[in-house]
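A.B. asks: First the structure, which I've put down as structure tokens, then a few questions once you've had a look.
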Amino acid sequence: MISITVNGKDYKVDVPEDVTLLWVLRDYLGLTGTKFSCGIGECGACTVLIGGEPERSCQVSAADADGASITTIEGLPENHPVKRAWIEEQVVQCGYCQPGIIMQVAGLLSGEQTPNAEDVIDSMDDVVCRCGTYHRMKQGIKTAVEIMRKEGKSS
């Protein structure tokens with residue numbers, strides 16, 4: 001049995017300790033926004049925020065997630081600067097990888113100071129978009145940073 005907080009809601013989930021957080025979210029809690037792709041933590045499709053930091057949920061065991069505070073794409077507010085930027089820049093093509101990529105960007109932008117867009121872009125070299133929307137992702141990151149600066153807040 002593990003206890004986790006997901007998107008502000010507390011859960012007790014009876015799962016084997018070797019089940020990954022990805023499957024806890026998808027199969028046990030019904031939060032299917034977090035996607036399975038490579039299964040080895042290389043692509044980023046399964047990224048969630050654990051304690052505010054981007055983590056690959058396919059590489060985190062249920063036992064390691066016990067007691068954690070987790071945010072999935074379903075828990076990121078609709079008016080979040082990254083979501084707004086992704087819509088404004090029409091970043092998504094098929095959309096399969098985008099929830100994880102959005103969560104990685106949101107985590108990287110969540111510090112006390114808004115980082116430079118180029119620093120965030122440089123930190124995104126470990127995500128895979130099979131549709132090749134990298135140019136639009138870069139523009140989306142720049143737009144999210146602009147939105148955050150205009151609104152004078154971090155995400």
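A.B. asks: On a 0 to 90° scale, report how tilted helix 134-151 is relative to the longest principal axis of the chain, with both axes built from alpha carbons and the result rounded to the nearest 10.
C.D. replies: Between helix and principal axis, roughly 80 degrees.
A.B. asks: Past the 19 Å Cα-Cα mark, which pairs from 83/150; 35/83; 83/138?
C.D. replies: Too far apart for the 19 Å limit: no listed pair.
A.B. asks: Loop only per DSSP, at most 15 neighbouring Cβ atoms within 10 Å: give me the GluC sites (Glu not before Pro) in region 75-146, ordered by residue number.
C.D. replies: 78, 112
A.B. asks: Which residue fluctuates most in the GNM of the chain (Cα springs below 10 Å): 35, 12, 83?
C.D. replies: Most flexible of the set in this elastic network: 12.
A.B. asks: For helix 98-108, what angle does its Cα long axis make with the longest principal axis of the chain, in degrees from 0 to 90 and rounded to 10?
C.D. replies: For 98-108 against the chain, the angle is about 80 degrees.
A.B. asks: Where does the chain land at 222 nm, in deg cm²/dmol rounded to the nearest 500, when only DSSP H runs of n ≥ 4 count, each adding -39500 (n - 2.57), divided by all residues?
C.D. replies: Per the formula, -8500 deg cm²/dmol.
A.B. asks: Further question: Who wins for biggest fluctuation among 63, 45, 85 in a Gaussian network model of the chain, springs between alpha carbons below 10 Å?
C.D. replies: Result: 63 has the largest fluctuation of those listed.
A.B. asks: Report relative contact order for region 1-98 in percent, whole number only (criteria: Cα-Cα under 8 Å, sequence separation at least 6).
C.D. replies: 32 percent
A.B. asks: Turning to a different aspect of this structure: Using Cα springs under 10 Å in a Gaussian network model of the chain, which residue among 44, 132, 100 shows the largest mean-square fluctuation?
C.D. replies: Answer for the Gaussian network model of the chain: 132.
A.B. asks: Now, a different point. Could you tell me which label, among [x] -0.26, -0.77, -1.47; [y] -0.27, -0.73, -1.21; [z] -0.27, -0.76, -1.34, carries the value of log10 I(q)/I(0) by the Debye sum over Cα atoms at q = 0.09, 0.15, 0.20 Å⁻¹ calculated for this structure?
C.D. replies: [y]
A.B. asks: Can I ask one more? Hey, which aspartates and glutamates would be in cross-link range of residue 9, C-alpha to C-alpha under 20 Å, not counting anything within fewer than 8 residues on its own chain?
C.D. replies: 27, 53, 55, 64, 66, 74, 78
A.B. asks: State whether region 105-154 is rounded, prolate or oblate according to the following rule on the C-alpha gyration tensor (a ≥ b ≥ c being the square roots of its eigenvalues): a/c under 1.5 gives rounded; otherwise a/b larger than b/c gives prolate, and the remaining case gives oblate.
C.D. replies: Verdict is prolate for region 105-154.
A.B. asks: On to the next question. Tell me, what % of the accessible area of region 14-56 is carbon and sulfur with a 1.4 angstrom probe?
C.D. replies: 45 percent
The values are calculated or read from the model by the stated rules, or taken from the named source; none is laboratory data. Computed from a prediction, not measured in an experiment: that's the story for all the values here. With ideal geometry, Cβ positions are generated from the backbone for all residues, glycine too; neighbour counts draw on all protein chains shown. Side chains are part of the model used for accessible areas, which takes the heavy atoms of the whole protein and leaves out ligands, DNA and RNA. Shrake-Rupley method; radii C 1.70, N 1.55, O 1.52, S 1.80 Å.
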